[in-house]
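What follows is a set of notes on a single structure, which appears directly below.
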Amino acid sequence: MLFDLTDLRLFIFVAELKSLTKAAERMHLSLAAASNRVKELESRFGMRLLYRESKGVLLSPAGETLLSHAQQFMQQVERLRSDMQQYNNGIRGHIRIFANTTAVTEFMPQVLGAFLKAHPHVNVALEERLNHDIVRGVQDGTADIGVAAGPVQGQGLEIINFSTDRLLLATALDHPLAKAGSISFAETLAYPHIGLHEGSTLQHFLNKMVLDTGVRLELRIQVRGFDAMCRMVEANVGIGILPQSAAARHSKSMKLALVELTDPWAVRERSVVVQNLDSLPGYARELVELIRSEQVREHGASAGVAGVQ
């Protein structure tokens with residue numbers, strides 16, 4: 001055999017830490033043992049995998065290829081271990097979902113509440129990821145289902161558009177922009193913003209849009225979710241950009257002015273992403289259908305928020 005699991009774990013740590021010494025410590029191996037394992041890998045593959053330099057190690061092109069496969073392989077091993085463990089706990093099914101910020105915080109709790117009530121023996125893992133990580137996760141099998149917003153491209157994937165959402169500007173009622181009927185994103189940059197955390201799909205997207213304007217975004221504070229954002233906006237700490245679906249919920253209990261953004265990208269398609277819908281287990285296909293049907297109801301209910309159409 002060319003390698004074992006210890007070899008792959010070690011190689012991944014070497015690549016991440018850029019140090020054979022630190023990787024050996026992480027694996028609880030002596031430096032000599034770790035070095036021998038890497039040399040054996042190079043010997044078995046017949047090519048150099050690492051460049052050893054004074055400041056650490058760098059991967060060769062062949063090493064980069066091995067790293068990519070090793071990461072995918074170890075993810076599958078962990079997934080196998082996790083999935084098999086579920087059966088010891090009476091679980092008969094498992095679904096992994098990668099989703100964007102809005103999905104995780106706004107509608108997936110309701111969707112999963114209904115789904116798990118109907119399927120008590122199915123376990124669900126839901127993770128918030130950026131759009132490109134969502135697509136990549138479905139492509140390499142790390143995720144069974146992806147839920148994304150905005151343009152989605154993935155070769156060989158099924159992309160199912162299920163609703164449309166709009167990004168709005170939220171301000172305090174006495175903010176200078178509160179009476180604006182509509183406004184461009186660039187015009188909002190003259191005022192301090194309330195942003196989401198850096199791992200948020202929406203914040204990542206807005207940061208990219210800021211680069212196109214050539215103007216600096218002043219983030220007065222970053223928070224973990226739309227509820228905290230809206231509370232900061234209501235207190236006039238700053239203004240915020242959020243999906244209309246989130247605005248619908250929070251404007252019922254907070255004093256917010258909602259202003260339409262004129263930028264074309266403010267209207268975003270929501271999509272479910274899978275490798276092949278027909279190849280999913282029946283309960284996973286039911287979950288996809290539940291996401292689609294739930295969003296038809298949710299989108300219709302929020303369409304008239306504060307006069308924004």
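Taken together, the values in this text are just the output of simple stated rules run on the coordinates, not laboratory data. From a predicted model like this one, the values you see are computed outputs, not experimental measurements. Glycine also receives a Cβ, built like all others from the backbone with ideal geometry; neighbour counts cover every protein chain displayed.
Among Thr171, Thr164, what is the fewest-to-most ranking by other Cβ atoms within 10 Å?
Thr164, Thr171
For the chain, what is the mean residue ellipticity at 222 nm derived from helices alone (per DSSP H run of n ≥ 4: -39500 (n - 2.57); sum divided by total residues; nearest 500 deg cm²/dmol)?
-14000 deg cm²/dmol
Any idea how far apart Ser30 and Ser60 come out in nm if each label point goes 7 Å out from Cα toward Cβ?
Computed distance between label sites Ser30 and Ser60 equals 2.7 nm.
Quick one: putting +1 on the C-beta of Lys and Arg, -1 on the C-beta of Asp and Glu, what dipole do you get for segment 165-267 around its Cα centre, in Debye to the nearest 20?
In total the dipole reaches around 260 debye.
Between segment 209-277 and segment 1-22, what's the alpha-carbon centroid distance in Å?
Here the answer is 41 Å between Cα centres.
Set Lys and Arg Cβ to +1 and Asp and Glu Cβ to -1, take the dipole of the chain about its Cα centre, and tell me which of Leu50, Ala103, Ser271 lies farthest positive.
Toward the positive end, the furthest listed residue is Leu50.
For the chain, build the charge dipole from Cβ charges (+1 Lys, Arg; -1 Asp, Glu) around the Cα centre, then report which of Leu189, Ala70, Gly150 sits farthest towards its positive end.
Going by the charge dipole, the pick is Ala70.
Within the set of other residues whose C-beta is less than 14 Å from the C-beta of Val138, count the net charge using Lys and Arg as +1 and Asp and Glu as -1.
Spelling it out: positives minus negatives among the neighbours equals -1.
Placing +1 at every Lys and Arg Cβ and -1 at every Asp and Glu Cβ, with all other atoms neutral, what dipole size does the chain have around its Cα centre, in debye to the nearest 20?
So the dipole magnitude of the chain works out to roughly 520 debye.
Could you order the peptides 109-122, 229-242 from most to least packed, using the average number of other C-beta atoms within 10 Å per residue?
Ranking the peptides 109-122, 229-242 by packing returns 229-242, 109-122.
Assigning unit charges at the beta carbon (Lys, Arg +1; Asp, Glu -1) and nothing else, what dipole magnitude in debye, to the nearest 20, does segment 197-247 show about its Cα centre?
My answer is approximately 60 debye.
Where Lys and Arg each count +1 and Asp and Glu each count -1, what net charge lies around Gly225 among other residues with Cβ under 15 Å from its Cβ?
Spelling it out: positives minus negatives among the neighbours equals -2.
Starting from the Cα gyration tensor of the chain, multiply each eigenvalue by 5, take the square root, and state the resulting semi-axes largest first in whole Å.
Working from the Cα gyration tensor, I get semi-axes of 42, 26, 16 Å.
For Leu5 and Asn236 in one chain, what is 0.36 nm times their gap in residues minus the Cα-Cα distance, to one decimal in nm?
77.8 nm
With a cut-off of 8 Å between alpha carbons and a minimum separation of six or more residues, what is the relative contact order of segment 5-83 in percent?
Value for segment 5-83: 31 percent.
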